[in-house]
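Notes for the one structure printed next.
Every number here is computed from the coordinates shown, using simple stated rules; none is lab data. In this text, all values refer to a predicted model and were calculated from it rather than measured experimentally. Heads up, the Cβs are rebuilt from the backbone with ideal geometry, glycines too, and the neighbour counts pull from every protein chain shown.
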Amino acid sequence: MTDQIWTNLADNAQKALEPVSKLNELFVANLQKVAEFQMDALKSYADLASSQFTALTEIHDADSLKDFLTRQTEVAGELSQKIMEDLRTLGEMGSEFREEVTKVMEEVRETVTDGNDTEKAA
């Protein structure tokens, strides 16, 4: 009888901690995904800055200055577009994470509701 109580206790503890484990896994996976995205974004921004510094070193006369300044409008547009794409991607990542957490919480709610229905029937 005592073995059955311990077994039931262990089973109930495992069932109770299962959603927490799923949420932790989701959190860690999302954190890794966001960190990788940010590292890639940082690299692309660093590459852009590096190319701009290189372009600055190539200014030797009025014509090369004019070319550099003309190119800055294009670079600003590209940078603006990149930032918007990055923000959109981060937003999508946040939405996906929220949906996954909501799904886990719905499973917990259904489990609790089913458990209450079972207890009422008994």
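Is it the case, given these coordinates, that residue 76 is within 29 Å of the chain's Cα centre (by Cα), without any contact (Cβ under 8 Å) to a residue 40 or more places away in the chain and part of a helix (DSSP H, G or I)? Judged against the criteria, residue 76 is a match. Just one of the listed residues (69, 48, 56) is under 31 Å from the mean Cα position of the chain (by Cα) and in a helix (DSSP H, G or I), and it is 48. Does residue 34 fit the bill of being within 21 Å of the chain's Cα centre (by Cα) and surrounded by 13 or more Cβ atoms within 10 Å (Cβ to Cβ)? The answer is yes for residue 34.
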